[in-house]
Amino acid sequence: MKEKKEKNPLLYERKNFWQEAPAAEIKRAMAFAGPYKDFLNQARTERESVIWTEAQLKAHKFQPLAAAKAGKRVYSIFRGKTIAMAVIGSEPISKGFNMVAAHIDAPRVDLKQNPLYEDKNSDMACMRTHYYGGIKKYQWVSTPLALHGIIVKADSSLLRVSIGDKDGEPVFIIPDLLPHLARKEQYTKNLAEAIDASKMNLVFSGMKDPGSEEKEAAKAYALKLLNQKYGISEQDFISAELQLVPATPARDAGLDASMVVGYGQDDRICAYTGLQALLANLDAKPKRTMVVYFSDKEEVGSQGSTGAHSVFIQDFIASLLKHNGEKDGSANLRQTFMNSMILSADVTAAVDPNYPNVHERQNAVLFNHGVGISKYTGSGGKYSCNDANAEFTAKVIRIFGAAGVFWQMGALGKVDEGGGGTIAYILANLGAEVIDCGTGLMGMHSLYELCSKADLYSTFAAYKAFLTTK
């Protein structure tokens, strides 16, 4: 039998989780993925993610920060689409907090504000759409879709919509053009232009009332059904937020079931692991306050009142200071952020066996080798990136090493190959030490993103260790 070679301590070498993790940890990693899949299937939108998260927090005795008798476990929700939660430590918050910051929106296809029309050519009732975030449009046609969102009715009551996920429910389709007739319409165009966004219209329904002489009988029948089932009229669509998401549930993937395939893992995988890390640390009695923050709108620039550019997270920390009996003025708030450490918890691109040429393997993330650390993101000459300080990068590596976390350093892709961003620079602009740290995915921004269960668990372990560090 060959003797195992001693590794050179001077070399940086990634460790394969399945080969080097203890058997008990491998078992925990496989088990960890079960509830994660349930989360992906229940939290299909940012609003549903907030509702699911609040239920978990309440089950662990967290209280709204605004509550008169809120204790050390608190949270705050803003406009139903962004949430922050904290466990207050023993030392003043102004000395700095540890934060894991993820986003809970995902690329999708939205219904337009006045979507319903009757198509004269096909004689069908259809819905007009507008895509949200960076998608490959061709992936969204001829695939089963579910409709999720909210409708605020004329009487101000709120109707939550979820159609297409459950067995027996109808699904929706944006039909693609058959290959027999696609030669001129699609095959002469490049990949980005082959599917015209103006032609991504949903076939909604096709029935008509018998004997109806209405000019748009298919549309009228669709509105009749909507009114019977949900009590809504066409005008109610104008203020609605309705999203199309894949109707296929998250599942195990691979012969060895070592992976998870499912929609919305960018970035709900980091949101889920961040929340679980916080809950796993409830008995840790940390000195520094632990904060987990889920933002909205990251996929479209983090703007708006629920995006990371908004004042919400600053207001949350100011309210924490006040709740803890500390000064909540602007000077102390600024100093608090400058004393703080943040992981921008967002996914990165793992090396795809079909497209290895877009990566530089030496500086890329590989499946099964742990959570990915990215010193910077951006594009080209590190444009719009944070570029974490060397001191903080080294500290995070030490934290993970001491906790036995499987980790690896990796950039999003080759220089000038493309690029992407996170909310890291937004939080760093407040003065905090920030570095990107998240799970490597294959097929990012597709309907069926793929992750390794080893990396999923390692992300949880990394966030757990980071939140309790001094």
Checklist entry - In the stretch 435-470, what residues are in a loop (DSSP other than H, G, I, E, B) and in contact with a Phe, Trp or Tyr (Cβ under 8 Å, 6 or more places away or on another chain)? => result L447, Y448
Next on the checklist: Take the conditions in contact with a Gly (Cβ under 7 Å, 6 or more places away or on another chain) and closer than 30 Å to K37 by Cα and apply them to T377. Does it pass?
Outcome noted: yes
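Would you confirm whether any residue within the stretch 280-287 is assigned to a loop (DSSP other than H, G, I, E, B) and buried (at least 24 other Cβ atoms within 10 Å of the Cβ)? Even if it seems obvious, please write down each step before you answer.
Keep residues of the stretch 280-287 that are assigned to a loop (DSSP other than H, G, I, E, B), which gives 281-287.
Within this subset, residues satisfying the condition of being buried (at least 24 other Cβ atoms within 10 Å of the Cβ) are none.
No - not one qualifying residue is present in the stretch 280-287.
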Next on the checklist: Exactly one condition in (1) under 21 Å from A240 (Cβ atoms); (2) in contact (Cβ under 8 Å) with a residue 24 or more places away in the chain is false for K112; which is it?
Outcome noted: (2)
Checklist outcome for this item: Of the residues in the stretch 367-387, those that are β-branched (V, I, T) and assigned to a loop (DSSP other than H, G, I, E, B) come to T377
Checklist entry - So V87 clears everything in (1) closer than 20 Å to Q265 by Cβ; (2) touching a residue at least 40 places away in the same chain (Cβ under 8 Å); (3) out of contact with any Ser or Thr (no Cβ under 6 Å at 6 or more places or on another chain); (4) among the aliphatic types (A, V, I, L, M) except one condition, right? Which one? => result (1)
Checklist entry - So P144 clears everything in (1) closer than 30 Å to G264 by Cβ; (2) surrounded by 17 or more Cβ atoms within 10 Å (Cβ to Cβ); (3) in contact (Cβ under 8 Å) with a residue 24 or more places away in the chain except one condition, right? Which one? => result (2)
Checklist entry - Among F367, F392, F400, F337, which is in the same structural domain as A454 (by TED's automatic domain parsing), touching a residue at least 40 places away in the same chain (Cβ under 8 Å), in contact with a Gly (Cβ under 6 Å, 6 or more places away or on another chain) and of a type in the set (F, W, Y)? => result F337
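Residue check: is Y230 assigned by TED's automatic domain parsing to the domain that holds K120, more than 21 Å from Y132 (Cα to Cα) and touching a residue at least 12 places away in the same chain (Cβ under 8 Å)?
yes
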Checklist entry - Does A102 satisfy the criteria of being among the hydrophobic types (A, V, I, L, M, F, W, C) and touching a Cys at 6+ places or on another chain (Cβ under 6 Å)? => result yes
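From L244, L255, L202, which residue is at pLDDT 95 or above and surrounded by fewer than 14 Cβ atoms within 10 Å (Cβ to Cβ)?
L255
Inspect all residues belonging to the stretch 437-453 and state whether any of them is farther than 22 Å from I104 by Cβ, touching a helix residue (DSSP H, G or I) at 6+ places or on another chain (Cβ under 9 Å) and touching a residue at least 24 places away in the same chain (Cβ under 8 Å). If you could, list the steps in order and put the result at the bottom.
Of the stretch 437-453, the ones farther than 22 Å from I104 by Cβ are none.
For the stretch 437-453, residues farther than 22 Å from I104 by Cβ, touching a helix residue (DSSP H, G or I) at 6+ places or on another chain (Cβ under 9 Å) and touching a residue at least 24 places away in the same chain (Cβ under 8 Å): absent.
For the stretch 412-431, what are the residues that are more than 20 Å from T306 (Cα to Cα) and at pLDDT 90 or above?
Within the stretch 412-431, the subset more than 20 Å from T306 (Cα to Cα) is 412-420, 431.
The answer is G431, and nothing else.
So if I check each of S295, S305, which one is exposed (fewer than 15 other Cβ atoms within 10 Å of the Cβ), in the same structural domain as V100 (by TED's automatic domain parsing), out of contact with any Asp or Glu (no Cβ under 7 Å at 6 or more places or on another chain) and in contact (Cβ under 8 Å) with a residue 60 or more places away in the chain?
Unique residue meeting the criteria: S305.
Per-residue answers, yes or no, for (1) in the same structural domain as K297 (by TED's automatic domain parsing); (2) out of contact with any Gly (no Cβ under 8 Å at 6 or more places or on another chain); (3) closer than 30 Å to A250 by Cβ:
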site: L116; (1), (2), (3): no, yes, no
site: N121; (1), (2), (3): no, yes, no
site: M124; (1), (2), (3): no, no, no
site: R128; (1), (2), (3): no, yes, yes
site: G133; (1), (2), (3): no, yes, yes
site: S142; (1), (2), (3): no, yes, yes
site: L147; (1), (2), (3): no, no, yes
site: K153; (1), (2), (3): no, no, no
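Report, by residue number, each residue of the stretch 44-56 that is touching a Lys or Arg at 6+ places or on another chain (Cβ under 7 Å) and over 15 Å from Q276 (Cα atoms). Steps first, please.
Narrowing the stretch 44-56 to residues touching a Lys or Arg at 6+ places or on another chain (Cβ under 7 Å): 46-47, 49-50.
Passing the criteria: E46, R47.
Inspect the stretch 174-186 for any residue being within 15 Å of R108 (Cα to Cα), not assigned by TED's automatic domain parsing to the domain that holds S49 and not charged (D, E, K, R) and give the result as yes or no.
Filtering the stretch 174-186 for residues within 15 Å of R108 (Cα to Cα) gives 174.
If we keep only those that are not assigned by TED's automatic domain parsing to the domain that holds S49 as well, we get 174.
Restricting the remaining residues to those that are not charged (D, E, K, R) gives 174.
Yes, the stretch 174-186 contains at least one residue that is within 15 Å of R108 (Cα to Cα), not assigned by TED's automatic domain parsing to the domain that holds S49 and not charged (D, E, K, R).
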Checklist outcome for this item: Listed by first then second residue, the pairs whose first member lies in the stretch 39-50 and is more than 13 Å from I83 (Cβ to Cβ), whose partner is part of a helix (DSSP H, G or I) and modelled with pLDDT of 95 or more, with beta carbons under 6 Å and at least 6 positions apart or on separate chains, are F39/Y272; Q42/W52
Next on the checklist: Can you go through V50, V109, V87 and tell me which one is under 28 Å from L223 (Cβ atoms) and within 23 Å of the chain's Cα centre (by Cα)?
Outcome noted: V109
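The values are calculated or read from the model by the stated rules, or taken from the named source; none is laboratory data. These figures come from a predicted structure and were not determined experimentally. In this analysis, Cβ positions are derived from the backbone assuming ideal geometry, glycine residues included, and neighbour counts consider all displayed protein chains.
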